[in-house]
């Protein structure tokens, strides 16, 4: 791993990943919406690790700009070894139920934009025959629940997309990692009620980097979420629909 | 940006106040909070290592600053580090020890933020020679109640600089700071351990030879009485040069194996007998006079190795009481304080005596020339509070004062006598925050601001 692009670099998990990669001397391109925040982050990494960090403005939703964005990333580092997509939008379930545009926003950020940018990158990696793609989905995508099924279904769609992409790219030596974190202590979850077993972003980041290196397919982090979700998935639908999880 | 209702306390776990907390990650989030109509006023809360109600804001808002923790720049030539105020001392050490730099001043825990260190004007074992942390701060930026961000230094907005140093967060939110790190060639210390049979002997040793040591402190057995009143172990030392450290890497980051106290100890664990036994043992395991090379973790941060050691004191928590006495009265003051403690039915598990250097210009800064004694006292029942009140009177009588970063019980009247420059402080605060956007439980208790 020499040059890595992080999309949505200001997210809590992305920041922890960036620190750990920078500490190993990986050159980073941090991309996201707020250049001010990206620069603040990049400055921090430079002081901590004397490393090379670049920042690029990336807007997920206007997908017609994705190709040009990727070309500009490639132009600045020569060759990208991998991409880690970390952004996501929780939205407001209640609001999404009554406001189609809000629901669309959640789906556009969590799914549509990912399909677009990851295809741009995948096409290049496939042609070259190397590289890794890692995207952060969610355990919320494993089963639809009344409390957040709009977010959940957008993440579920992302997981399914990544599964297909992995299948397609397997023969060209490009690895695709789907990350399903449980509750992580970040800006997205701060202040939410009903959370349990909340993990530190540093721990989740370390798990993700290890899984990328081992070319894993699907990572539940922390690990026990695999078993929690297995149990949740095993509950028969006839019973599940009556539960309030 | 979520704001959550939660109960917060300082390190002493007394008092516990309900507050509306938010944890901004960006400066724009932070600015939005100040104009929020949901919450009347705010106080910054870092890592919660001040003991009492300094960072608490009952029924008001609390801004948790730990995610505003970016390093901004470092100049290898001058050792000047610029970072955001939520950066912890631990992070600084982890990054800069391997490069050969140490903090200019550190308190007895590395789990404090830069902002907290300035707002409480913290001191360390080198106060007698190098002053408080703020004395090494070149400048800082401050977010005012108006939303404006200004730079404060000894020459620029100097009044506000000295009001914010030790100003317990009431002038605004410290955003970033620049301070000078100290070059080191090893992260070890040559420590001289000496037993003193009583506090008088300790004071004599401090007076005679403290100038030979950059770092100096004494652990004191406050259960002893009579001729051994205040017997102690002096621990004084200097940073060791790399040649003396016979290790491949003289600049290791030393993380001791972490122990954790997983639950509140029942209140009977720390009682008079166990504390007495511990104190007596601690005194005896240290030889009369010896020299040792120790790592910075054991020298500065012995308690950081035990996570949540404050649980040791049980659910009711504890108070830490730290007072400073001027040189003229310190003998009498310390004697009375120790006698009163050992004569009462109370006990202090850990007590620390240290010589203190000249006072700085911080309007509410604690340290002043003389000697300071810090005690941990478990809260057993309500009778502790009148006892502390009588201690405050004793301290005042001898021209001393108590440290706000550790206080939770001082009265407004005593505060005013101990900190005579409070009026200047209030005038500056009223000028920069006329609508009282910044307030805290402590500020209201001490009547620094209107309730």
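The values are calculated or read from the model by the stated rules, or taken from the named source; none is laboratory data. Values in this document were obtained by computation on a predicted structure and should not be read as measured data. Positions of Cβ are backbone-derived with ideal geometry, glycine not excepted, and every protein chain shown enters the neighbour counts.
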Would you confirm whether any residue within segment A:123-134 is assigned to a loop (DSSP other than H, G, I, E, B) and under 19 Å from residue A:184 (Cα atoms)? no
Determine whether segment B:53-61 contains at least one residue that is exposed (fewer than 15 other Cβ atoms within 10 Å of the Cβ) and either away from chain A (no Cβ under 14 Å) or under 24 Å from residue B:91 (Cα atoms) (or both). yes
All but one of (1) farther than 15 Å from residue B:109 by Cβ; (2) within 23 Å of the chain's Cα centre (by Cα); (3) at pLDDT below 80 hold for residue B:256; state the number of the condition that does not hold. (1)
May I ask you to verify whether residue B:167 is in a helix (DSSP H, G or I), within 22 Å of the chain's Cα centre (by Cα) and at pLDDT 95 or above? no
Out of segment A:7-37, which residues are over 15 Å from residue A:187 (Cα atoms), within 11 Å of chain B (Cβ to nearest Cβ) and within 17 Å of the chain's Cα centre (by Cα)? A:19
Quick test of your reading of the structure: residue A:154 fulfils all but one of (1) surrounded by 21 or more Cβ atoms within 10 Å (Cβ to Cβ); (2) touching a strand residue (DSSP E or B) at 6+ places or on another chain (Cβ under 8 Å). Name the failing condition by number. (2)
I need the full set of residues from segment B:294-340 which are within 19 Å of the chain's Cα centre (by Cα), surrounded by fewer than 19 Cβ atoms within 10 Å (Cβ to Cβ) and more than 27 Å from residue B:192 (Cα to Cα), in order please. B:307, B:308, B:311
Out of the residues in segment B:1-24 that are within 21 Å of residue B:111 (Cα to Cα) and out of contact with any helix residue (DSSP H, G or I) (no Cβ under 8 Å at 6 or more places or on another chain), which is farthest from the other protein chains (Cβ to nearest Cβ)? B:14
Could you check segment A:201-227 and list, in sequence order, the residues that are out of contact with any strand residue (DSSP E or B) (no Cβ under 6 Å at 6 or more places or on another chain), surrounded by fewer than 16 Cβ atoms within 10 Å (Cβ to Cβ) and more than 14 Å from residue A:20 (Cβ to Cβ)? A:214, A:217, A:223, A:224, A:227
Can you say whether residue A:1 is surrounded by fewer than 17 Cβ atoms within 10 Å (Cβ to Cβ) and at pLDDT below 95, as far as the supplied structure shows? yes
Report whether or not residue B:44 is within 14 Å of another protein chain (Cβ to nearest Cβ), touching a strand residue (DSSP E or B) at 6+ places or on another chain (Cβ under 8 Å) and crowded, with 17+ Cβ neighbours inside 10 Å. no
Pull up segment A:38-75, narrow it to residues that are within 14 Å of another protein chain (Cβ to nearest Cβ) and part of a strand (DSSP E or B), then point me to the one that is surrounded by the fewest Cβ atoms within 10 Å (Cβ to Cβ). A:55
Take the conditions more than 29 Å from residue B:319 (Cα to Cα) and within 12 Å of another protein chain (Cβ to nearest Cβ) and apply them to residue B:36. Does it pass? no
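A quick yes/no check of all residues on (1) under 13 Å from the mean Cα position of the chain (by Cα); (2) assigned to a loop (DSSP other than H, G, I, E, B); (3) within 14 Å of chain B (Cβ to nearest Cβ):
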{"residue": "A:167", "(1), (2), (3)": "no, no, no"}
{"residue": "A:171", "(1), (2), (3)": "no, no, no"}
{"residue": "A:176", "(1), (2), (3)": "yes, no, no"}
{"residue": "A:179", "(1), (2), (3)": "yes, no, no"}
{"residue": "A:191", "(1), (2), (3)": "no, yes, yes"}
{"residue": "A:194", "(1), (2), (3)": "no, yes, yes"}
{"residue": "A:197", "(1), (2), (3)": "no, yes, no"}
{"residue": "A:202", "(1), (2), (3)": "no, no, yes"}
{"residue": "A:205", "(1), (2), (3)": "yes, no, no"}
Kindly check whether there is at least one residue in segment B:412-428 that is touching a residue at least 12 places away in the same chain (Cβ under 8 Å), crowded, with 17+ Cβ neighbours inside 10 Å and under 18 Å from residue B:132 (Cα atoms). yes
